1. Which one of these does D:Thr154 not meet: (1) in contact (Cβ under 8 Å) with a residue 40 or more places away in the chain; (2) crowded, with 18+ Cβ neighbours inside 10 Å; (3) in a strand (DSSP E or B)?
2. Give just the number: which of (1) touching a Phe, Trp or Tyr at 6+ places or on another chain (Cβ under 8 Å); (2) within 14 Å of chain A (Cβ to nearest Cβ) does D:Ala191 not satisfy?
3. Being under 17 Å from D:Gly113 (Cβ atoms), of a type in the set (Gly, Ala, Ser) and more than 14 Å from chain A (Cβ to nearest Cβ) is the filter here, so list the residues in segment D:30-74 that pass it.
4. Of all residues in segment D:269-279, count the ones that are within 10 Å of D:Ala179 (Cβ to Cβ), at pLDDT 95 or above and not small (Gly, Ala, Ser).
5. Would you call B:Met486 touching a residue at least 12 places away in the same chain (Cβ under 8 Å), of a type in the set (A, V, I, L, M), assigned to a loop (DSSP other than H, G, I, E, B) and within 29 Å of B:Ala89 (Cβ to Cβ)?
6. Given (1) under 28 Å from the mean Cα position of the chain (by Cα); (2) small (Gly, Ala, Ser); (3) modelled with pLDDT under 95, identify the lone condition not met by B:Ala572.
7. Is it the case, given these coordinates, that B:Gly718 is at pLDDT 95 or above and on the phi > 0 side of the Ramachandran plot?
8. Being more than 14 Å from chain B (Cβ to nearest Cβ), surrounded by fewer than 18 Cβ atoms within 10 Å (Cβ to Cβ) and not in a strand (DSSP E or B): is that true of D:Gln243 here?
Amino acid sequence: MKLTGTYRLAAPPARVFAALVDPDVLQRCIEGAERLVRTADDQYDVHLRLGIGTVKGAYVGTVRLTDQQPPDRFTLHVEGKGAPGFVRGSARIQLTAAGAGTVAICDADGQVGGVVSAVGSRLLDATARMLMDRFFERLGAEVR
Amino acid sequence: MSTIVKEKVGYVGRAMKRVEDPRLLKGLATYVDDLRLPGMLHAVVVRSPHAHARVRRVDGAAARALAGVAGVFSGADLNAHCGTVPCAASMPDLKAPKHTVLASDRVYFVGHPVAVVVAATPYAAVDAAEAVQVEYEPLPVVVDAEKALEKGSPLTHPDLGTNVAFTWHLAGGDIDAAFKNADRVVRQRMYHQRLTPMAIEPRGCVASFDRGSGTLTLWTSTQIPHLVRTLLPGMIGIAENKLRVVAPEVGGGFGSKLNLYVEEAICSYLAMRLGAPVKWIERRRENAAATIHGRDQIGDYEVAVSNDGTILGLRNRTIADLGSYLQLLTPAIPTLTGLVLTGSYKIPAVRMDVIGVYTHKMAADAYRGAGRPEATYLIERLMDLVAGETGQDPIELRRRHFPKPQEFPFPTATGLTYDSGDYDAALRKAMELARWDELVGRREARRRDGGLFGIGVSTYVEICGMGPSKAMMAGGWEWGCVRIEMSAKVTVITGATPHGQGQETSFAQIAADRLGVPIDDIVVLHGDTSIAHYGRDTYGSRATAVGGGALVMCIDRVVDKAKRLAAHLLGARPEQVEFQEGRFSLKGGAGRDLGWTDLAAEAYVAKNLPAGFEPGLEASAFFEPENFTFPFGTHICAVDLDRETGKVTIVKYVAVDDCGNQMNPLLIEGQLQGGIAQSIGQALFERTVYDENGQLLTGEFTDYALPRAEDIPEYAMGATVTPTTANPLGVKGVGEAGTIGATPAIANAVIDALRPLGVKHLDMPLTPEKIWRAINRR
Amino acid sequence: MASPVQIRVTINGTLHTHEVEPRLLLVHYLREVCGLTGTHVGCETSLCGACTVLVDGKAVKSCTMFAVQADGCALTTIEGLAVNGDLHPVQEGFWERHALQCGYCTPGMVMTAVQLLADRKRPTREEIAHALRGNLCRCTGYTHIIDAVEHAAARR
Amino acid sequence: MFAAPFDYARPKTLDEALSLLSKHGDEARLLAGGHSLIPAMKLRLAQPRLVVDIGRLDGLRQIEARDGRLAIGAMVTHAEIAASRTLADLCPLLVEVASAIGDLQVRNKGTIGGSLVHADPAGDWPAAILALDAEIEIAGPQGRRTVTAGAFFTGILETAVKPGEILCEIRVTAAAASAYVKTEQKASGFALCGVAAVVDATARRVRVGITGVAPVPYRAAAVERALEGQALAEGSLAAAAGQAAAGVTPLADIHASADYRAHLARVNTARALQRAASR
């Protein structure tokens, strides 16, 4: 599952970048992230309660940041597993100054396995898109 | 070879309702899940959500701590005790992974069993299974068989060093000359999609060990209790004669239960280890993920044709996607495709090259028709393609390549000998039932109005009655036993294992006629190795063709024995005794006659027997068929397409099938209609889908579409009767005909409807979207 | 752990009283607690219809209902259709027209047909097929099932 | 599969149900007909600690015609709607949609309220609810409130019904000229594309609700605008239907691509409009 999104943020790239690598901000931006505990440089254990409507699942996993090139780009990796199966994904985020703000281009590649993929495949793309939109919506609020 | 010709109306040939039905209709039949044994534990399998991963750790501690849990077992606990799953199909150069019952260090398909939890109740077992922690390290995945052949592809089994399981070829006639002499070569690439059998009863088993006698009983939802009894001892180390396998009521198989599965070995072993009966019942999602799939072949097909429209030869390279490992017959399926690739036609030269390829999916194996639907689809599509490219009438093209009735037994270029047939008679009858000219007129009228109307024909032949032992790994005979009880009631035992086909009825019909007893006096037993001692079970349309042969042998032996006793009691020589309608009397003479009641009583009380006469009236027999059988027929389908949405409506369906002599036309009709429904599913909407990461996207009925009542058209069905000489009943078998003959008729009809738009071929399933794209060239 | 709940259910005319775990599905209650194994399970997603029973006269998929929801209801299962050993007209129709092969889907199929015929005296073949769309059969190809329901409708 | 353990409550009154919800918050789920919740619980995609069965609540099971409006209780089953004479006379669209849902057994048990709150983007009801511009009454700890259909569907499987609230009633205005045209997902029977159209020839106005196509069911605003004030001739209906997927990012899965869903939206909209206009 691949998806791309472009988002406008009302802060310069440096500020956006700083927010994105701040675990507190990350936790507030990642939908359903209940706990984010730093375990190493740029690596966190995460407890996620992810889902939509009736379909909710608890996942335990890791969040990792790689390829950091402040303030231009980095890659965010999320891995989690729980009763409904597993989620794995990475998102390459590219920040470009645009006026006083930033244009963020996000290229994400994700994989979902287990019950969710067996019964919910039709909604996966749309759900991933929604989660990504919400991430940047919240990030936008954080840096505003 | 004796074929009794009877003037009097007997049971055979009548459309009789089934004797097995009342228990099924009243909800009183016993399927595996209905079994309850004292102290029975319930097993749940923990399965991989990954298509390919290293298993780093299996932690059952949290699960073990839950109430009611009797044990949590990983591969490390069980694999050393449960052997490996056998594959009964041998191929030269076959590279096979070691298939343990639970994953050891690696999982290689979604649904791969990783651990087993056993608990006091099913609910507790599921709770515990949820609590088992498995740590995986995902590995690269390959799901596309063609990509699996590319250099640098991820390997399904890194230790094999290749994804190629085997290469196999079949050649007959001079194929090079055929293509050299061809005026034209018709080519088409075709993909035969992967299907999920989806019997409505999922699999399941109960194993129970008697410590006193050291015997193990395994009740399992299987088509092959006898083969399980042959193969399971090698896995779990029990003696064959201390294992009893019972197939109770079995809720559909379609080949998916023609296998020995890991769960059967696991429950058997655990029943011994835990000293308690262990039950495992498959969930639908497990059934979709970890019970065999069918079909999945892709290839490039070429036909050499001369200017006068004669087909000179046929060659192809086929890639068979085997999935990730070998089940019982996995490698054999594409070879069956090769054997009947020339269909019902005289095609002098053929060459087929098959590459069997491993991918990170469930194993493919025998699904109803097993290799033959693929072959029939290919040749029937190719006949239409040749007709289209050479400007011939598709009917005439088929007709001119039929062997004539007098050319049978007909040797094919693939090395088979077709037993008997009159292919043109079936075709003529089908055209008559379809009102061919009227139908063609309707198509032309619809086309003039801008409609998309198509007619498809399929003239098929299949290979059934599996089969002569020399061609079957575990032997292809069938066993039976007929016992006239002391009360003169008749017990028939068959080694075939009917699970819906109705042999309790058809075998009773045969026995009642041949023994001259009322059908109500007969009981037909099957499916329990302690009763039906030997058998090669039910698959490949063999139960009546081969099992019926054994039945006839038994009856002949019993009658023969009874004649000797009757002669003794009548004071005559055996050859003077005549047997008719259940009575034994002296030929030509009046006087006393004896019935089964008299003879059975004498035979068992054994006070007045001829010298050297063994008491009792029972005979058993192994019937060895001298050849396969080759049922055939013609199916005609007409469809109307919705130009806007691509939706297909079947407006006419005609089937004329020749399965040799008919024991019970009602049951034959049922088999055919069921098969045609599966063909409708395959042709129009069924397909098993894995995504590029190997996730199964058709894991429930919510995503894998089975035909529903509303999808079925009204049929016009007919038959011709051309008996086989391969067995004494002259029956050819009918269990798979519907899935073999019907699929290409439907596909040909849809493609014919699109022909005015220049469409020559589309791969199945012919979904509305695919048709919409074809119409709009998108 | 969840507290058990007492339920009173009339099944095939007999009153049953049991304490059940709330998560116990009706189909498991019928099969495991009441011993009525004629009702079958074929899927997890309420699509196959093998588990169909009548709850207060209406066809319901008993795999998609908790037993606690049936408290106070009157149920009919396949075991309750035949009266004094005489088959119900729908069962009779299925037998006469060879509308079953492996028999696994049959109880659910029959129960749905019973409701259909309670609602409509003489349904057309299309109406029968439509009414049975919630019951999957892999063996028969359905034609004989439709014949059977027509047969039952005509015989009443 | 089997659901995870939970406690069960069967309140007798709406207030009792509301107070259970407010007491147990996130851990409680309402059980109506169960045809969305129970499958999710069996797959353990939903694991509530408390299930509040509102199946026996009085006051949510009636279909009433009052003041030119129709009020349908949330716990009315699809089968009851399909069989309702009142609705067949006054609002046949509801009958048509109810008949297109699932199968006989599902319709016997599933409820309009439960289905709306689950808000499956491929469910049938959203199309009708949008096309009828329904009002939805929701009870909460602070009393009752009403939202319009247009504001009801807020996200994928998400609605305006907040935690702690209960959908009580759906109210629509009688509408005779209407139709529902559905292309079903072959396996599940859910809508790949379902289009409900309501035509008001006198006011020269149409309303079109579409389900199955987008992540959230929607009103085909562009189609409605194009036909506003127009005489509803066959040609203009077909032309306007061309806008049925305008501005929408259609869902895509193994059953239908985004392209095909958009195409079905156009075809089914044209067909629904034409059929509605002819009634």
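The values are calculated or read from the model by the stated rules, or taken from the named source; none is laboratory data. Computed from a prediction, not measured in an experiment: that's the story for all the values here. Every residue, glycine as well, gets a Cβ built from its backbone with ideal geometry; the counts of neighbours run over all protein chains shown.
1. (2)
2. (1)
3. Answer for segment D:30-74, where residues must be under 17 Å from D:Gly113 (Cβ atoms), of a type in the set (Gly, Ala, Ser) and more than 14 Å from chain A (Cβ to nearest Cβ): D:Gly55, D:Gly59, D:Ala71, D:Gly73, D:Ala74.
4. Total meeting the criteria: 4.
5. no
6. (1)
7. So B:Gly718 does not fit the description; no.
8. Answer is no for this residue.
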